[in-house]
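K.L.:
Got a structure for you, questions after.
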Amino acid sequence: MPLEKLVITGGVPLKGVVRISGSKNACLPILAATLLTPELCVIRNVPDLADVRTMCALLKWLGVQVRHDRPGCVIETRAEKPVGVAPYDLVRKMRASVCLLGPLLARLHNCKVSMPGGCVIGNRPIDQHIKGLTRLGANVEVESGYVHAHCDELVGTDVFMGGRFGSTVLGTANVLMAAVLAKGTTIIESAACEPEIEDLAVFLNKMGAKIRGAGSPTLEIEGVKELHGADHVVIADRIEAGTFMVAAALTGGNIEIQGACAAHLGAVRDKLEEAGATVQRNNGTIRVTGGSLHKPLELTTMPYPGFPTDMQAQMCALMSITPGISVVTEKIYPNRFMHLSEMARLGADVALESNTAIIKGVNHLSGAPVMASDLRASAGLVLAGLAAEGETDIKRIYHLDRGYEHIDTKLRELGASVERLEDDDNNG
Ligand code: EPU
């Protein structure tokens with residue numbers, strides 16, 4: 001397939017209504033969890049994204065019947081006789097494939113999932129996943145590029161999931177999905193509290209699991225013998241919603257965001273208000289009005305409910321045109337700053353000291369060709385392009401398409417000048 005780029009002519013205040021899609025990061029482990037039962041599962045509000053297509057391809061490879069009904073965003077799965085090997089060719093496309101490990105191990109007691117490998121946002125080890133599954137009684141070896149997990153049975157116990165950078169989201173998902181079919185009770189301490197984990201637990205409970213404490217750092221799971229099919233509506237994507245909130249703030253626009261859960265966006269709302277934007281919650285919608293951005297920010301990324309690392313690049317775009325000196329410390333992925341050098345091409349005044357970015361707000365950005373390096377970096381560049389004067393070409397937007405459903409269409413509906421074009425520059 002030819003590479004595509006986005007061409008954005010910035011400077012338009014975005015106005016109107018945008019509807020938020022289902023959450024990518026909730027949907028991926030939930031799709032993996034359908035491996036836990038031979039019965040029909042129906043997953044609704046599934047976003048149309050490259051990562052979801054990769055997860056469906058993986059499930060099909062594993063022998064799951066997958067029916068994808070695009071207009072209704074519904075995926076039906078039936079995992080009657082799954083096989084236990086997830087190959088490198090598919091796994092390498094998406095790091096989230098690692099969350100097949102827990103459900104495959106629980107269902108088959110023997111599985112091999114390719115090691116997900118490195119990632120441009122930094123080192124992403126899976127030691128905590130392995131530690132957790134081992135605590136439940138699995139033997140886990142890494143050999144020939146595969147994680148091989150096997151056991152006679154899984155037995156509930158206490159598992160601590162906190163690591164150097166806080167708890168692990170997909171690690172918690174993996175241990176949770178293994179523990180639901182383990183013998184006895186598992187207590188996960190320092191579990192990830194992200195809404196996506198809570199949504200996974202809600203889905204698992206619909207399947208017949210017995211999980212208490214979802215959304216808190218302590219999960220109590222009483223293992224059951226088997227799970228049944230379930231029907232579930234995936235929560236809204238809080239990162240997509242946050243990205244549109246920043247879009248309103250940094251273009252001086254006025255956007256009503258529909259379908260998002262405001263309670264999941266407290267940290268983003270707080271920082272936008274501090275910078276000078278107005279955020280109102282009315283009857284299930286969030287309205288963000290740009291006004292004048294007048295205050296620089298100090299921002300540190302943290303596990304939920306702290307400020308999400310997945311919103312850091314977007315906030316860097318905002319800070320680049322907010323007067324004063326802003327400071328951003330990245331505590332989840334210390335090297336997740338690939339967007340800064342591209343933002344500098346648009347005129348942003350940025351410096352990096354270890355895991356801290358220092359951003360001096362400039363009067364204006366000016367459009368230039370830039371290169372997307374990863375999903376959220378791309379979103380940051382789109383936002384910077386929307387604020388910049390003139391034309392910004394963003395190359396390699398396949399990164400963006402991994403996580404934002406129809407972003408160019410949604411932006412156009414808000415008045416932005418955004419075109420998706422084939423990129424005939426083979427070096428781009
Ligand atoms: N970590 C370890 N050992 C482990 C696992 C994680 O040291 O075994 C470290 C990581 O290197 C990182 C920190 O712990 O420093 C947190 O990583 P976590 O495991 O929580 O990340 P993840 O579960 O692999 C999910 C999201 C990411 C999001 C992070 C943090 C999905 C599919 N991915 O990744 O989303 O940034 O949580 O919130 O849910 C994105 O959507 O763009 C994205 C990267």
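K.L.:
Using the heavy atoms of the protein chains alone and a 1.4 angstrom probe, what is the accessible area of the chain per residue in square angstrom?
P.N.:
39 Å²
K.L.:
Express the relative contact order of segment 24-227 as a whole percentage, based on alpha carbon pairs under 8 Å and six or more residues apart in sequence.
P.N.:
17 percent
K.L.:
Under the classification rounded if a/c is under 1.5, otherwise prolate if a/b is larger than b/c and oblate if not, where does segment 24-227 fall, given a ≥ b ≥ c as square roots of the Cα gyration tensor eigenvalues? Please list the in-between numbers first.
P.N.:
Numbers: a/c = 1.29, a/b = 1.15, b/c = 1.12.
Rounded.
K.L.:
Quick check on the chain: of the DSSP beta bridges with both residues there, what percent are antiparallel, nearest 5%?
P.N.:
In the chain, approximately 75 percent of DSSP beta bridges are antiparallel ones.
K.L.:
By how many nm would the segment from Ile358 to Glu143 lengthen if fully extended, with 0.36 nm per residue of separation less the alpha-carbon distance?
P.N.:
Working it through step by step, the gained length comes to 73.2 nm.
K.L.:
Shifting gears a bit: Report the one residue of Ala50, Ala149, Pro87 whose Cα lies farthest in the direction of the positive end of the charge dipole of the chain (charges on C-beta: Lys and Arg +1, Asp and Glu -1; origin at the Cα centre).
P.N.:
Farthest along the dipole direction, towards plus: Ala149.
K.L.:
Lysines near Lys183 by alpha-carbon distance under 16 Å, same-chain residues fewer than 8 away left out - which ones?
P.N.:
Lys210, Lys225
K.L.:
How large a share of the accessible area of segment 24-227, in percent, is made up of carbon and sulfur atoms when the probe is 1.4 Å and the other protein chains stay in place?
P.N.:
Percent of accessible area from carbon and sulfur atoms in segment 24-227: 50.
K.L.:
Then there's this: Spelling out what I want: for every residue of segment 298-303, take phi, set θ = phi - 60°, compute 6.51 cos²θ - 1.76 cosθ + 1.60 (Karplus), and round to whole Hz; glycine and proline get x.
P.N.:
Ordered by residue, 3J(HN,Hα) equals 10, 9, 10, 6, 8, x Hz.
K.L.:
Another question, if that's okay. Compute the relative contact order of segment 291-373 as a whole-number percentage, counting only Cα pairs closer than 8 Å that sit 6 or more residues apart in sequence.
P.N.:
31 percent
K.L.:
Taking the dipole about the Cα centre of the chain, with the C-beta of Lys and Arg at +1 and of Asp and Glu at -1, give me whichever of Val180, Val66, Ile130 is farthest to the positive side.
P.N.:
Positive-end residue among those listed: Val180.
K.L.:
For segment 135-182, rounded, prolate or oblate, judged on the Cα gyration tensor with a ≥ b ≥ c (square roots of eigenvalues), a/c < 1.5 rounded, else prolate if a/b > b/c? Please report the intermediate quantities before stating the final value.
P.N.:
Values: a/c = 2.05, a/b = 1.12, b/c = 1.83.
Here segment 135-182 falls in the oblate category.
K.L.:
Then there is this: To the nearest 20 Debye, how big is the dipole of segment 24-227 about its Cα centre, given +1 on the beta carbon of each Lys and Arg and -1 on that of each Asp and Glu?
P.N.:
Value, rounded to 20: 400 debye.
K.L.:
Moving on to the next point. With +1 on each Lys and Arg Cβ and -1 on each Asp and Glu Cβ, and nothing else charged, work out how big the dipole of the chain is about its Cα centre, in Debye to the nearest 20.
P.N.:
The calculation lands at about 440 debye.
K.L.:
A further question on this structure: How far is helix 50-61 tilted off the main Cα axis of the chain, in degrees rounded to 10, range 0 to 90?
P.N.:
Around 20 degrees separate the two axes.
K.L.:
What FRET efficiency comes out for the pair Phe160/Arg92, r = Cβ-Cβ distance, R0 = 30 Å, nearest 0.05?
P.N.:
Values: r = 30 Å, r/R0 = 0.99.
Between Phe160 and Arg92 the formula returns 0.50.
K.L.:
For Glu391, put the label point 7 Å out on the Cα→Cβ axis and report which residues of segment 336-353 keep their amide N under 20 Å from it.
P.N.:
Flagged as within label range: 343, 345-347.
K.L.:
Once you order the gyration tensor axes a ≥ b ≥ c over the Cα atoms, which shape class does the chain get: rounded for a/c under 1.5, otherwise prolate or oblate by comparing a/b with b/c? Mind dumping the intermediate values first?
P.N.:
On the way: a/c = 1.82, a/b = 1.74, b/c = 1.04.
Prolate.
K.L.:
What angle, in degrees between 0 and 90 and rounded to the nearest 10, separates the Cα long axis of helix 24-33 from the longest principal axis of the Cα atoms of the chain?
P.N.:
The angle comes out at about 10 degrees.
K.L.:
Could you give the size of the charge dipole of segment 93-157 about its Cα centre, using +1 on the Cβ of each K and R and -1 on the Cβ of each D and E, expressed in debye and rounded to the nearest 20?
P.N.:
So the dipole magnitude of segment 93-157 works out to roughly 320 debye.
K.L.:
Say each of Lys81 and Leu40 gets a label point 7 Å from the Cα, pointing the same way as Cα to Cβ; how far apart are those two points in nm?
P.N.:
Rounded to a tenth, the inter-label distance reads 2.1 nm.
K.L.:
Relative contact order of the chain, please, whole-number percent, based on alpha carbon pairs below 8 angstrom and at least 6 residues apart.
P.N.:
Working: 1099 pairs, mean separation 89.7, N = 428.
Taking the mean separation of contacting Cα pairs over the length of the chain, I get 21 percent.
K.L.:
Angle, helix 266-275 long axis vs. longest principal axis of the chain, Cα atoms, 0 to 90°, nearest 10?
P.N.:
Relative to the chain, helix 266-275 is tipped by roughly 10 degrees.
K.L.:
What do you get for trypsin sites (Lys or Arg not before Pro) in segment 142-229 restricted to DSSP loop and a cutoff of at most 16 other Cβ within 10 Å of the site's Cβ? Write out the running numbers ahead of the final one.
P.N.:
Numbers: sites: Arg164, Lys183, Lys206, Lys210, Arg212, Lys225; in loops: Arg164, Lys225.
Passing sites in segment 142-229 are Arg164, Lys225.
The values are calculated or read from the model by the stated rules, or taken from the named source; none is laboratory data. Note that this is a predicted model, so its numbers are computed, not measured. Cβ: placed from backbone, ideal geometry, glycine included. Neighbour counts: every protein chain shown. In case anyone asks, the SASA skips ligands and DNA or RNA and just uses the protein heavy atoms, side chains included. Shrake-Rupley method; radii C 1.70, N 1.55, O 1.52, S 1.80 Å.
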